[in-house]
Amino acid sequence: MIKRILLLVSVVSLAVASAASNFNLNFYQPTVVSGTTLKAGEAKLEIRDNKAIVKQGKTSVEATVKVETSTSKYLYTTVGYKEGDGHQIKDITLAGTTTKLVFE
């Protein structure tokens, strides 16, 4: 009985540790991710390894990112854009975490 409980706890711990991180985003203008334009509005962000998956409605876009860690937690989620008229994402900082995603 105790062995089964320990096995269950370890399996659940592994599942939680390997799970992807999910966040909500709000785009205030049309935004380009990996060549795909997403509408202004809510979107979901999922991080797996060095990939960011942005989902908005039926549209899902995957992009390679460099994950950077700050020394302190970010207070707000921010979306930075590359210079120019394309509204391409440059980076995203995630509120309540020390994580910054730099889009490549």
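Read-outs throughout are calculated quantities, based only on the coordinates presented, and are distinct from any laboratory measurement. Predicted model, so just to flag it, every value in this text is computed and none were measured. Here Cβ is always computed from backbone atoms with ideal geometry, including for glycine, and neighbour counts include all displayed protein chains.
Counting lysine pairs in region 48-104 that sit 8 or more residues apart in sequence, or on different chains, and whose Cα atoms lie under 18 Å apart gives 11. Coupling constants for region 45-57 follow from the phi torsions by the Karplus curve (6.51 cos²θ - 1.76 cosθ + 1.60, θ = phi - 60°), and in residue order they are 10, 10, 10, 9, 6, 9, 10, 10, 10, 9, 10, 9, x Hz; glycine and proline get x.
Which whole-number percent is the relative contact order of region 20-103 (Cα, under 8 Å, 6+ apart)? Working shown, then result.
Values: 184 pairs, mean separation 20.4, N = 84.
The normalised contact order for region 20-103 reaches 24 percent.
Close amide H contacts of Val33 (hydrogens built in the peptide plane, cut-off under 5 Å, sequence separation of 5 or more or a different chain): Leu38. Compactness ratio for region 24-104: Cα radius of gyration over 2.2 N^0.38 Å (N = residue count) comes to 1.02. Taking θ as phi - 60° and the Karplus parameters 6.51, -1.76 and 1.60, the scalar couplings of region 61-75 work out to 10, 10, 9, 7, 10, 9, 8, 10, 10, 8, 7, 9, 6, 7, 7 Hz in sequence order, x denoting glycine and proline. Spin-label pair Thr71-Lys44: with each label point 7 Å from Cα along the Cα-Cβ axis, the two points sit 3.7 nm from one another.
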